Each structure stands twice: as structure tokens, then as C-alpha cells.
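S.K.: Dumping the structure here so I can ask a few things about it.
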Amino acid sequence: MHRLPASEPGKRECQACLTADRTWTRLVVCLTCGWVACSDESPGGHAKAHYEETDHPVVGALDPGSTWRWCYVHRRTV
């Protein structure tokens with residue numbers, strides 16, 4: 001079993017949405033580097049854009065107590 005290194009989430013806001021004066025539906029955190037971005041359900045979809053730029057494959061929910069994780073490579077929850 002491969003384990004991802006622990007990363008601390010950044011600010012609980014999507015910087016790309018703030019710059020574009022957009023709102024987000026939900027925020028997720030990159031489990032590789034801690035980058036926080038809006039989810040695919042949000043108009044910007046900046047978390048997926050982060051994956052496409054960096055190849056960081058797994059994001060997690062920022063919701064308190066959530067264990068939800070999404071893998072962009074396999075396009076499924078993990």
C-alpha cells in the first residue's frame with residue numbers, strides 16, 4: 001500500500017476564483033502539496049486544472065471529519 005505524504009492545507013479559499021471574482025460550490029485540497037482549489041462541481045473547476053498542471057493525482061474534501069478522496073488518474077473515489 002502506498003501512502004501519500006502528509007500535507008497541510010493552504011487557505012480555505014480558491015485563489016483562482018477570487019482573482020476571477022467567482023464563487024465556488026465546494027473546496028478540495030491537493031493531498032500532494034496542500035493547494036486548495038474549487039471542486040469540479042464549481043464553475044471554475046480549478047482543482048482539476050491543478051492536477052492537469054502538476055500531475056498531483058489525489059484531492060480530499062475540506063469538510064470537517066470527511067474522509068472523501070478523489071483520484072483524477074482513475075476518476076474515482078479512493
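S.K.: Note down the nm distance, to one decimal, between modelled labels 7 Å out along Cα→Cβ at T67 and at E13.
M.R.: Placing both labels 7 Å beyond Cα along the Cβ direction yields 3.3 nm.
S.K.: Tabulate in residue order the Karplus-calculated ³J(HN,Hα) for the stretch 10-24, using 6.51 cos²θ - 1.76 cosθ + 1.60 with θ = phi - 60°, rounded to whole Hz; enter x for Gly and Pro.
M.R.: So the Karplus estimates, Gly and Pro as x, are x, 4, 7, 7, 9, 4, 5, 5, 4, 5, 8, 6, 10, 10, 10 Hz.
S.K.: Moving on to the next point. How high is the relative contact order of the stretch 15-77, in percent, with contacts defined as C-alpha pairs under 8 Å that are six or more residues apart?
M.R.: Reported as a whole number, the value is 26 percent.
S.K.: Moving to a separate point now. How high is the FRET efficiency from T54 to T23, r the C-beta distance, R0 25 Å, rounded to 0.05?
M.R.: 0.55
S.K.: Cα gyration tensor of the chain, axes a ≥ b ≥ c as square roots of the eigenvalues: rounded (a/c below 1.5), prolate (a/b > b/c) or oblate?
M.R.: Judged from the Cα gyration tensor, the chain comes out prolate (a/c at least 1.5, a/b above b/c).
All of the numbers you see were taken from the coordinates with simple rules; none came from a lab. Worth saying up front: this structure is predicted, and the values here are computed from it rather than measured. Here Cβ is always computed from backbone atoms with ideal geometry, including for glycine, and neighbour counts include all displayed protein chains.
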